[in-house]
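One structure is given below, encoded as structure tokens.
Only the coordinates and a few stated rules stand behind these numbers; no lab work does. Because the structure is a prediction, the values reported are computed rather than measured. So basically every Cβ, Gly included, is an ideal-geometry build from the backbone, and we count neighbours across all protein chains shown.
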Amino acid sequence: MTTIEPPGGEHVRWDGSPEVLTRIRDLLISHSSRGTLRIVLQQLTLHEGGKQTGIHEVIDAVLDVGGNLVATSLAPSVREDPQAATRLDAALARLRAEVVAQTEAQPEALEVVIDGDGRREARIAFDLEISAQDLADHHPHPALRDGAHHILHEAPALDELRDRLSAPPPSLLRRGWDALRGVGRRDDAGLDGPERG
């Protein structure tokens, strides 16, 4: 686990509680659609004049649409569901508490990345001075890691993930063979009930 504060402004992977990440994954996946390759949740602490002014939150899905990578926001769907929003806030609060317990510092950026193959990770950054204006500019602050950022900077990994997830299903012959082998295994194990005489 990360036990010291990473360099300021740099996002680093944080190996926190798999249970919390699984909870966040389950909540967000229920709001995603078919073709989703990756879900990205990021919270950035905003500052103005050295004071904290709020949190900027992104919840994006990266989808495969006809072979193209497209980012779409899940935030409205998640935040308009009161039960999902409450459960997500509780999971994020627990994740933040774990980070603070390990690093003894409050992260300025907290990012959760969930891939369609089940991989999930948290990334954190410290010592960021980001204002709301920094995120409204035509070229937003590099600490903003939304779906568009992932498409721009991690396209090869997303393409590889898409290829793995879209591998063709087994042929009809293969499925039939696997089904027959499964029946044979059940017979051998006596799972079909007592023999009839």
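Tell me which residues come under 5 Å, amide H to amide H, from Leu128 once H is placed; ignore anything under 5 positions away on its chain.
Gly9, Glu108
In nm, to one decimal, how far is the modelled label at Ala155 from the one at Ala136, with both set 7 Å along Cα→Cβ?
Between Ala155 and Ala136, the simple spin-label model gives 3.0 nm.
State, to one decimal in nm, how far the label point of Glu19 lies from the label point of Glu98, with both points 7 Å from Cα in the Cβ direction.
0.9
For each of Arg23, Arg145, count neighbouring Cβ atoms within 10 Å of the residue's Cβ, then give the residues from fewest to most.
Exposure proxy ranking, most exposed first: Arg23, Arg145.
When the label point is put 7 Å from the Cα of Val70 along its Cα-to-beta-carbon vector, which residues of the stretch 132-162 have a backbone N closer than 16 Å?
Flagged as within label range: 147-148, 151.
Toward the positive end of the charge dipole of the stretch 1-157, about the Cα centre and with charges on Cβ (Lys, Arg +1; Asp, Glu -1), which of Val113, His141, Ser33 goes farthest?
Most positive-ward Cα: Ser33.
Measure of size requested: the Rg and Dmax of the chain, with Cα atoms as the atom set and Å as the unit; please supply both.
Over the chain's Cα set, Rg and Dmax evaluate to 21.7, 87 Å.
Please state the relative contact order of the stretch 12-165 as a whole percent: Cα pairs under 8 Å, 6+ residues apart?
31
Dipole magnitude of the chain about its Cα centre, charges +1 at Lys/Arg Cβ and -1 at Asp/Glu Cβ only, in debye to the nearest 20?
I would put it at about 900 debye.
Using the 10 angstrom Cβ neighbour count as an exposure proxy, how do Thr22, Thr45 rank, fewest first?
Thr22, Thr45
Between Ala179, Ala85, Ala101, where does the largest GNM mean-square fluctuation fall for the chain, given springs only between Cα atoms within less than 10 Å?
Ala179
Run the helix sum for the chain: -39,500 (n - 2.57) per DSSP H stretch of 4+ residues, divided by residue count, reported at 222 nm to the nearest 500 deg cm²/dmol.
-12000 deg cm²/dmol
Going by how many other Cβ atoms sit within 10 Å of their own, how do Asp64, Asp89 line up, fewest first?
With the sparsest Cβ surroundings first, the list reads Asp89, Asp64.
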